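The values are calculated or read from the model by the stated rules, or taken from the named source; none is laboratory data. Given the structure is predicted, the values throughout are model-derived calculations rather than measurements. Cβ: placed from backbone, ideal geometry, glycine included. Neighbour counts: every protein chain shown. Keep in mind that these areas ignore ligands, DNA and RNA; they rest on the heavy atoms of the full protein, side chains included. Shrake-Rupley method; radii C 1.70, N 1.55, O 1.52, S 1.80 Å.
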Amino acid sequence: MENQKILALAKEEDWLKDYSEDIYERYLRYKYTLKDIEHGYGSVLEFARAHEYYGIHFDPLRNGWVYREWAPKAFNLFFMGDFNHWNRYSHPMRKNHRGDWEIFLPYEDYHTSFVHGSKVKVHVEAANGALDRIPAYIRRVVQDEGSHDFAGQLWFPSEPFVWSDYDFNPSDNLLQPLIYECHVGMAQEKEGVGTYLEFAENILPRIQKAGYNTIQVMAIMEHPYYGSFGYHVSNFFSPSSRFGTPEELKFMINKAHQMGISVVMDIVHSHAVKNVNEGLNEFDGSDHQYFHPGGRGYHEGWDSKLFDYGKKEVKQFLLSNIRYWMEEFHFDGFRWDGVTSILYLHHGHVTFDNPVKYFREGVDWDAVIYLQLANKLIHDFNRQALSIAEEVSGMPGLCRRHEDGGLGFDFRLGMGIPDFWIKTLKHKLDEHWDMFEMWHELSNRPKKERTIAYAESHDQALVGDKSIAFWLMDKEMYTGMSKLQSSLVVDRGVALHKMIRLITIALGGEGYMNFIGNEFGHPEWVDFPRKGNDWSYQYARRQWSLVDTEHLRYHDLNEWDKAMIQMAKDHLLLVAPHGEQIFLDADKKILVFQRASLLFIFNFHVSESIFGFEFVVPSPGEYQIVLNSDNKNFGGFERVSEEFLYPSDRKNKIKIYLPNRTALVLKKKP
């Protein structure tokens, strides 16, 4: 093979040398597609402007509103709504050779009826019958409280939202993202749906005080079923109206930026709701307009529809969707849902035991190209944007530059870490925790691909599973969390909760993520209103009063999390190279490693505290404790004095008292 065809990814990873041609061809496919787009549109940024053409817009030259829809297989389209008293046939649309339908409403005729807040739909006659649909590019969708029917809503506010975030600089946040994953609707303590404004007023200050520099917001794109957690999207250009207006979402994001917090959106381009009434499915009467036809267009596990990423109009729809959220709402990037499902025709339901499965068997090349284009678009629009992939297969080059042979993401989620912790808690007694396995799971990642580490995912807080705190303490969380009483179960749970979080942030990645409430060990799962719970909001909320009550252990866990996050910020912990192991004792459950000039010492032993624990330090000098999980302020037992200095001896060793179920962080004095 010619030298120039071997890209950096294949050169730098020995195990990929036999696949250098595959990696180069992957790059070429992307380049050819990009070149074709640039030839037709000038750039991928210009290509991603479909939302400015389709949908409903005011045309100042013609002095009226134009509505356009792409529906190539449809027989007839009719625009209807409050403006024409919902007459299905009075406003027919015209079709052109591309399959675009259009209607124009002159201002002089419709300025009193086609107004802000009024509702609209489009009546589509096609092979699947005559159906009332919601326009594909609609900017707002609302649900009627009586009929529960969804409809598009015209949104023409008299005054545009005035942003004041132009001096916001996300560069430090991008350097080491400390992510607070959250859901606007369930973020309040009240039993009901929280709003964008309530989140801005009540939750953003908590996040800022906790030290997180980025929020990852779930369920923003409109979805008909609240209990889907936002993952069955129906209207891709509509911020969910159940939380408030588009301007209120902008207010929330603007305020976050004023507080120095980046805002990342949980974007769902991996699938779409199969609903015909609310979503895109069979919009033009065919099963292959936006989605693949037949079985390939249906995800059995998710009961949803799968996009045809190879179709130009679908690529343009999705890429325009990315630009829209960044441009219109100032989102700082995206966390990509279901990337494994996107990448493979089998959606990841295989064992990745051979590199060939990353490059040949079952790979959806159209999907790979789409993700490469998406990351090109994101970073062309904003060089400081953040693109995070939820990907479990370990696709090589996922977070490498296109020129290196990669897909262009900034970070991948370390999905194996929460799986490791839950499996450990479910299936192993404390005495059987494997320190070698712990080190491997937390440190085994590509050196040139950045990872977001997290101890538990939002999935593990959903009903049917348990959070880490619940696995550790279970029903004792309801009766034993007062500091005025003692509970061995809670003592163990609080100690391990702190240690699990510290070792995850210290060893697991180049970024860190926490799901709302887990930082203080929220005692209950997340269960949205549904028939099975009598449509209750009891578990679709966060109980902040628990963390605000100082005599409860929840308060102590929250204080620990704040101190841990501050330590990471003060020492640029996640910017530093991977941790270096200094000492491991499998029997005594001790692990010591160095990262960012800090020493991390963990004693996971059930009962054995060690007097005079001795180990070699990287350089001679005096060491002091900068973080101690046994500190009383963090729910510990004050068994270690933080006033002592620990000088190294002639053999570069220090001695320290190391209590059981305790983690210490030491730093050499300057």
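Annotations
- The residue pairs whose first member lies in region 363-375 and is within 13 Å of ILE23 (Cα to Cα) and assigned to a helix (DSSP H, G or I), whose second member is of a type in the set (Lys, Arg) and open to solvent by less than 10 Å² (accessible area, probe 1.4 Å), and whose beta carbons are closer than 8 Å, counting only pairs six or more residues apart or on different chains, are TRP365/ARG26; VAL368/ARG26.
- Within region 279-292, the set of residues being within 19 Å of ASN76 (Cα to Cα) and either open to solvent by less than 10 Å² (accessible area, probe 1.4 Å) or in contact (Cβ under 8 Å) with a residue 12 or more places away in the chain (or both) comprises GLY279, LEU280, ASN281, GLU282, PHE283, ASP284, GLY285, SER286, HIS288, GLN289, TYR290.
Listed here are the residues, each with its yes/no results for (1) out of contact with any Gly (no Cβ under 8 Å at 6 or more places or on another chain); (2) under 25 Å from PHE150 (Cα atoms).
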residue	(1), (2)
ALA210	yes, no
TYR225	yes, yes
GLY230	yes, yes
PRO239	yes, yes
ARG242	no, yes
GLY260	yes, no
ASP266	no, yes
GLN289	yes, yes
ILE322	yes, yes
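- Counting only residues that are within 19 Å of ASP474 (Cα to Cα) and either open to solvent by less than 30 Å² (accessible area, probe 1.4 Å) or assigned to a helix (DSSP H, G or I) (or both), region 522-536 holds 5 of them.
- For region 173-199, residues that are within 19 Å of the chain's Cα centre (by Cα) and either open to solvent by 10 Å² or more (accessible area, probe 1.4 Å) or over 14 Å from ARG542 (Cβ atoms) (or both) total 8.
- Count of region 200-218 residues, restricted to those that are open to solvent by 10 Å² or more (accessible area, probe 1.4 Å) and polar (S, T, N, Q), is 3.
- Residue under evaluation LEU598, criteria (1) surrounded by 13 or more Cβ atoms within 10 Å (Cβ to Cβ); (2) within 21 Å of GLU431 (Cα to Cα); (3) not small (Gly, Ala, Ser), criterion not met: (2)
- Qualifying residue in region 300-314 (condition: over 24 Å from HIS123 (Cα atoms), part of a strand (DSSP E or B), touching a residue at least 24 places away in the same chain (Cβ under 8 Å) and among the charged types (D, E, K, R)): no
- Flag for PHE436 being without any contact (Cβ under 8 Å) to a residue 60 or more places away in the chain and either surrounded by 14 or more Cβ atoms within 10 Å (Cβ to Cβ) or assigned to a helix (DSSP H, G or I) (or both): no
- Single residue of region 475-488 satisfying the filter (open to solvent by less than 60 Å² (accessible area, probe 1.4 Å) and out of contact with any Leu (no Cβ under 7 Å at 6 or more places or on another chain)) that is nearest to GLU431 (Cα to Cα): SER487
- Any chance ASP337 is surrounded by fewer than 23 Cβ atoms within 10 Å (Cβ to Cβ) and touching a helix residue (DSSP H, G or I) at 6+ places or on another chain (Cβ under 8 Å): no
- When the residues of region 356-393 are filtered to those that are within 17 Å of ASP266 (Cα to Cα) and of a type in the set (D, E, K, R), the one that is surrounded by the fewest Cβ atoms within 10 Å (Cβ to Cβ) is GLU390.
- Filtered residue count, region 537-553, keeping only those that are assigned to a helix (DSSP H, G or I) and surrounded by fewer than 17 Cβ atoms within 10 Å (Cβ to Cβ): 2
- Check on SER443, in contact with a helix residue (DSSP H, G or I) (Cβ under 8 Å, 6 or more places away or on another chain), at pLDDT 95 or above, under 25 Å from ASP585 (Cα atoms) and hydroxyl-bearing (Ser, Thr, Tyr): yes
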